[in-house]
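Here's the structure we're looking at; comments come further down.
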Amino acid sequence: MNITRYVWCFSHGALHTFREGDTPWCTATWIAFTATTKAEALAAKHAAYGDAQFLHDLPADKQIEVIEIAEARTGQL
Ligand SMILES: [Zn+2]
């Protein structure tokens with residue numbers, strides 16, 4: 001199975017793709033989306049976080065939310 005996971009990385013300000021099952025090569029602050037295409041992932045990111053590219057583009061409460069999601073994931077590894 002070659003499932004691609006799409007995530008938005010607020011540290012690099014870019015969409016990353018990881019292969020399911022692989023250890024993500026980026027360990028920075030990223031949020032995964034349930035999407036099967038890049039366009040879908042970008043649409044989901046836009047719906048949730050608007051045009052924000054980097055962490056500092058987000059309002060303070062969203063920054064905290066994103067950091068908490070990323071930290072929760074790191075803690076699970
Ligand atoms: Zn990254």
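Values quoted throughout were computed directly from the atomic coordinates according to the rules given, and no laboratory measurement underlies them. This structure is a prediction, so every number in the text was calculated from the model and none was measured. Neighbour counts are summed over all protein chains in view; Cβ atoms, including those assigned to glycine, are modelled from backbone coordinates with ideal geometry.
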Query raised in the report: Placing +1 at every Lys and Arg Cβ and -1 at every Asp and Glu Cβ, with all other atoms neutral, what dipole size does segment 4-76 have around its Cα centre, in debye to the nearest 20?
Result: 220 debye
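Could you pull out the chymotrypsin sites (Phe, Trp or Tyr not before Pro) across the chain that fall in loop regions by DSSP (anything but H, G, I, E, B) with no more than 10 other Cβ atoms inside 10 Å? The partial results should precede the final answer.
Working: sites: Tyr6, Trp8, Phe10, Phe18, Trp25, Trp30, Phe33, Tyr49, Phe54; in loops: Phe10, Trp25, Phe54.
When the chymotrypsin sites (Phe, Trp or Tyr not before Pro) of the chain are filtered for loop state and at most 10 Cβ neighbours within 10 Å, Trp25 remain.
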Query raised in the report: Among Ala41, Ala28, Ala60, whose mean-square fluctuation peaks in a Gaussian network model of the chain (Cα, cutoff 10 Å)?
Result: Ala60
Query raised in the report: Looking at the chain, which GluC sites (Glu not before Pro) are DSSP coil and have at most 13 other C-beta atoms within 10 Å of their C-beta?
Result: Glu20
Query raised in the report: Just the projected area, averaged over all directions, of the convex hull on the alpha carbon atoms of segment 4-76: how many nm²?
Result: 4.5 nm²
Query raised in the report: Where is the GNM fluctuation largest for the chain (alpha-carbon springs, 10 angstrom cutoff): Gly50, Gly13, Gly21?
Result: Gly21
